[in-house]
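Read the structure below first, then the notes.
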Amino acid sequence: MRCPIEIRRAIAWEPWQIEAASNLRRLLLSSVRRRADELRVMNEELALADRTKDEFLATVGHELRTPLNAMLGWIMMLRTGKVREERRADALEVVERNARVQARLIEDLIDVSRIVAGKIRIDAQPVAFGAIVAAAVDAQRPAAEQRRLQLRRFDIAEAAD
């Protein structure tokens, strides 16, 4: 009895066919390795972005909580009558200042969200760093004076002395 399946043998490959198949294999493996490297780099970048996002959120939470704690503390003291009459105006000023700080932080957070979403284009320009520092010191001067603290701004030349 004969087997209904006919067995055939492949024709032996010519040397040029073997070389072509080897070259194709090399190209495919090189492409797969290159893509694997690209994916590994992308994965590392995504992991870094995720860690950076977590750190950013932790910082934002802390920055939002700080003025909120100051406001809640003063409000509780005002409600319970633990603030002398002559200090009430100061307490209300602190609450208002911290509310403004928190509102500014929230606006900054919204701006960051818009920047990330591509809804705001940043036009980077050189700035006078000294003027920014002077403005920051001037902004803090009333709070420092209220606490009888003296603020001084040093120029780089002074700091080197």
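The values are calculated or read from the model by the stated rules, or taken from the named source; none is laboratory data. Keep in mind it's a predicted model, so treat the numbers as computed, not measured. Don't worry about glycine lacking a Cβ; one is built from the backbone with ideal geometry, like all the others, and counts go over all protein chains shown. Ligands, DNA and RNA are excluded from the accessible area calculation, which covers all protein heavy atoms including side chains. Shrake-Rupley method; radii C 1.70, N 1.55, O 1.52, S 1.80 Å.
The rule of thumb for compact globular proteins, 2.2 N^0.38 Å, goes into the C-alpha radius of gyration of region 1-78 2.85 times.
Taking θ as phi - 60° and the Karplus parameters 6.51, -1.76 and 1.60, the scalar couplings of region 12-27 work out to 4, 6, 7, x, 5, 6, 5, 5, 5, 5, 5, 4, 4, 4, 4, 4 Hz in sequence order, x denoting glycine and proline. In this structure residue 54 has an accessible area near 80 Å², from a 1.4 Å probe over the protein heavy atoms.
Just check region 96-155 against the gyration tensor rule for me: Cα atoms, a ≥ b ≥ c as the square roots of the eigenvalues, rounded for a/c under 1.5, and otherwise prolate or oblate depending on whether a/b exceeds b/c. Don't jump to the answer; show the numbers that get you there.
Values: a/c = 5.24, a/b = 1.53, b/c = 3.42.
Here region 96-155 falls in the oblate category.
Using the Cβ of residue 71 as centre and a radius below 12 Å, the other residues enclosed give a net charge of +1, where K and R count +1 and D and E count -1. Once mean projected area of the Cα convex hull in nm² is calculated for the structure shown, the corresponding label among (1) 26.7; (2) 17.0; (3) 10.3 turns out to be (1).
Under the definition of Cα pairs under 8 Å and six or more residues apart, what whole-number percent is the relative contact order of the chain? Show your work: numbers first, answer last.
Details: 37 pairs, mean separation 21.7, N = 161.
For the chain, the relative contact order is 13 percent.
Between the amide H of residue 120 and those of 115, distances stay under 5 Å, these residues lying 5 or more places away or on another chain, with hydrogens modeled in the peptide plane.
The charge dipole of region 15-126, taken about its Cα centre with unit charges on the Cβ atoms of Lys, Arg (+1), Asp and Glu (-1) only, comes to about 240 debye.
Counting only heavy atoms of the protein chains and using a 1.4 Å probe, residue 76 has close to 130 Å² of accessible surface.
For region 53-58, 3J(HN,Hα) computed residue by residue from phi via the Karplus equation (6.51, -1.76, 1.60; θ = phi - 60°) reads 4, 4, 5, 4, 5, 5 Hz, glycine and proline entered as x.
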